[in-house]
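Structure record follows, encoded as structure tokens.
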Amino acid sequence: MKAGSLEEVYKYHMNDLYKYLVQLSGHPQTAEDLLHDTFLKAYENLESYGGEKVRPWLFRVAYNAYIDWYRKDKHLIKTDPQFLDTLIPNMVASPEQDYLAKESLLQWSKVLHSLPDNVRQIIILRDYYDFTYQEIADILNLSLSAVKVRLLRARQKVREVMADEL
């Protein structure tokens with residue numbers, strides 16, 4: 001990362017990091033605070049940046065900020081239902097399709113939040129943010145095989161729960 005480019009990095013990655021932090025914390029205001037903490041910690045720890053890809057490094061910093069917040073507060077905030085509306089793209093053609101898309105997203109979100117935190121992180125990073133297995137392993141400080149196994153088991157669990165609810 002070049003000197004003086006932190007603002008550019010912020011502008012480019014803030015939306016993805018914000019969405020990720022909302023998915024972790026379940027609350028938009030908490031995610032805003034965590035986003036601020038993420039970039040503050042990134043700035044303070046620029047010397048630990050080893051020239052790797054910026055995006056996975058920032059997600060690792062964000063994840064660590066979330067872990068610090070979670071350990072400090074020891075509680076989970078319920079997801080703001082109005083926020084779920086903002087996750088659905090405006091490309092839906094009809095009101096019926098809009099309703100079905102929202103219901104599907106709400107169901108997926110409920111299933112996702114019923115999973116243990118460490119497993120939920122892997123699904124979000126892989127299926128929503130499209131990180132590679134190695135990048136996820138680096139972000140979460142896990143082995144590559146642990147990421148693969150947890151992702152496989154988590155996807156199986158999501159399929160089972162969603163099939164049971166149909």
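The values are calculated or read from the model by the stated rules, or taken from the named source; none is laboratory data. Computed from a prediction, not measured in an experiment: that's the story for all the values here. All Cβ positions, even for glycine, are placed from backbone atoms using ideal geometry, and neighbour counts span all protein chains on display.
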Please work out which one of (1) surrounded by 15 or more Cβ atoms within 10 Å (Cβ to Cβ); (2) part of a helix (DSSP H, G or I); (3) at pLDDT below 85 is the condition Lys110 fails and give its number.
-> (1)
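I need the full set of residues from region 128-143 which are loosely packed, with under 13 Cβ neighbours inside 10 Å and either touching a Ser or Thr at 6+ places or on another chain (Cβ under 9 Å) or in a helix (DSSP H, G or I) (or both), in order please. Let's see the steps before the verdict.
Of region 128-143, the ones loosely packed, with under 13 Cβ neighbours inside 10 Å are 130, 134, 141, 143.
Within region 128-143, just Gln134 meets the criteria.
Residue-wise test of (1) over 19 Å from Leu105 (Cα atoms); (2) touching a helix residue (DSSP H, G or I) at 6+ places or on another chain (Cβ under 6 Å); (3) at pLDDT below 90.
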{"position": "Gln23", "(1), (2), (3)": "no, yes, yes"}
{"position": "His27", "(1), (2), (3)": "no, no, yes"}
{"position": "Asp37", "(1), (2), (3)": "yes, yes, no"}
{"position": "Glu47", "(1), (2), (3)": "yes, no, yes"}
{"position": "Ala62", "(1), (2), (3)": "yes, yes, no"}
{"position": "Leu76", "(1), (2), (3)": "yes, no, yes"}
{"position": "Pro81", "(1), (2), (3)": "no, no, yes"}
{"position": "Asp85", "(1), (2), (3)": "no, no, yes"}
Does region 128-146 include one or more residues that are modelled with pLDDT under 85 and either of a type outside the set (Gly, Ala, Ser) or closer than 26 Å to Ser48 by Cβ (or both)?
-> yes
At pLDDT 80 or above, assigned to a loop (DSSP other than H, G, I, E, B) and either on the phi < 0 side of the Ramachandran plot or surrounded by 15 or more Cβ atoms within 10 Å (Cβ to Cβ) (or both) - does that describe any residue in region 115-127?
-> yes
